[in-house]
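The values are calculated or read from the model by the stated rules, or taken from the named source; none is laboratory data. Model, not experiment: these values are computed from the prediction. As a convention, Cβ positions derive from the backbone with ideal geometry for all residues, glycine included, and neighbour counts pool all protein chains shown. Accessible surface is based on the protein model in full, side chains and every heavy atom, while ligands, DNA and RNA are left aside. Shrake-Rupley method; radii C 1.70, N 1.55, O 1.52, S 1.80 Å.
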Amino acid sequence: MGKVVGSVVSTQKDPSLVGRKLMIIQPINADGQTVRHEEVAADTVGAGIGEYVLYVRGAGARNSSPQGDPHADVMDAAIVGIIDRFDS
Amino acid sequence: MGKVVGSVVSTQKDPSLVGRKLMIIQPINADGQTVRHEEVAADTVGAGIGEYVLYVRGAGARNSSPQGDPHADVMDAAIVGIIDRFDS
Amino acid sequence: MGKVVGSVVSTQKDPSLVGRKLMIIQPINADGQTVRHEEVAADTVGAGIGEYVLYVRGAGARNSSPQGDPHADVMDAAIVGIIDRFDS
Amino acid sequence: MGKVVGSVVSTQKDPSLVGRKLMIIQPINADGQTVRHEEVAADTVGAGIGEYVLYVRGAGARNSSPQGDPHADVMDAAIVGIIDRFDS
Amino acid sequence: MGKVVGSVVSTQKDPSLVGRKLMIIQPINADGQTVRHEEVAADTVGAGIGEYVLYVRGAGARNSSPQGDPHADVMDAAIVGIIDRFDS
């Protein structure tokens, strides 16, 4: 899980990335503490800056690709849910 | 291996995540010492908060998907066992 | 590479894990120094506690599955060799 | 995301790497702070030293391979975009 | 990228590892600084102790397997090039 802290603008890029929103994610613990370092993930759920999100890496991320062909997608991380709240 | 420390509520999410329990895992060593940082994993064995669990990442996690089609699943981590005890 | 430091007992687990030995591995450097944190790996070579082993993660681990179908296996780590010695 | 800080010259290498530009990437946060450690990635977008780039790991990297057959490609990281700017 | 610092001798191992040279790699930055911890990788290019090498993880490593069938290979890391020099 992470927090969306920004976005990336890239003109020169792989064809599979054209038209996709690339967000910067700061990984966090459930108490909001930051962990690791920022990563870039393709947004598939309309997440905005400041929101807490569920994001995944690897083939799972490509399975969320709107283009429908994970094998033509270069992305390795994707936002797949907006977190409403943490329960514990 | 990890300890279940909470769960995540998400309304806006990838279709493959609808109806799945998303738990927050704190990775641990066998002596209970916390390591790394919390992660979200889909529960497939009925794990509750406070339990020690075996969880896996990547394609192994999608192989545990109850839907049966790992290629439509975006999740990249899953709880696949409840740990009764550690032997050493 | 790592050292086998224990095992995990789990009754409630994914069907693909039934009958498999799940060992706790402490990753090490060649000089025996511990690194990172403990992990659980399925044993495929008869490794015992205290032995130094070669273990792998991801699809490589599932390729070692005795069941023969890596796509039904949830495990993401496996012991694939017992280390006799390190040369340098 | 990362910054291109150098390149690697290798004569003796896997056939799938012949003719490819192998760049050294220093991972960074959006504020330019260095994180983790340097990695080697195949360039697919004409990135030069000093540029900020989007790079991916694993099968996503092989999906960007110009040869068209990800299953013959050994590379595990690729530069897939040049970052024009970070928004936050 | 890394430096070859030793090798591993293993008699009892997965059949896919028979006859392969398993080297110990110390990951490094381009300035030779050691990072992370040692790893074991299958050598495919004739790398010797003390040499700087390009190595990859995951399916990319299995794509370099001389046996030709990545799906029967358990290895998750491979040396795929000898580094002549770093440019920056």
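Step through the table entries C:LYS13/E:LYS13; D:LYS13/E:LYS21; A:LYS13/D:LYS21, compare each Cα-Cα distance with 21 Å, and write down the pairs that go over it. Don't skip to the answer; put the middle values down first.
Details: C:LYS13/E:LYS13 27 Å; D:LYS13/E:LYS21 16 Å; A:LYS13/D:LYS21 16 Å.
As for pairs spanning more than 21 Å Cα to Cα, those are C:LYS13/E:LYS13.
Taking every alpha-carbon pair under 8 Å whose residues sit at least 6 apart, chain D reaches a relative contact order of 30 percent. The Rg/Rh ratio of the protein assembly as shown, with both radii computed over alpha carbons and Rh defined as the Kirkwood radius, is 0.94. At a 1.4 Å probe, what is the % contribution of carbon and sulfur to the accessible area of the protein assembly as shown? Taking all protein chains in place, the protein assembly as shown shows 49 percent carbon and sulfur surface.
Is it possible to state the helix-based mean residue ellipticity at 222 nm for chain A, with each DSSP H run of 4+ residues giving -39500 (n - 2.57), the sum divided by total residues, to the nearest 500 deg cm²/dmol? What is it? Before the final figure, lay out each step's value.
Details: 1 runs with 5 residues, N = 88.
Result for chain A: -1000 deg cm²/dmol, rounded to the nearest 500.
Less than 5 angstrom separates the built amide H of D:TYR55 from those of D:GLY2, D:VAL80, all sequence-distant by 5 or more or on a different chain. Sorted from nearest, the other copies put their D:LYS21 label points 3.2, 3.2, 5.1, 5.1 nm away, the label point being 7 Å from Cα in the direction of Cβ.
Taken over the alpha carbons of the range A:11-51 as equal point scatterers, the Debye sum produces base-10 log I(q)/I(0) values at 0.17, 0.23, 0.26 Å⁻¹ of -0.56, -0.85, -0.97.
Hey, what D do you get for chain B in µm²/s if you plug the Kirkwood alpha-carbon radius into Stokes-Einstein at 25 °C and 0.890 mPa s? It comes out at roughly 186 µm²/s.
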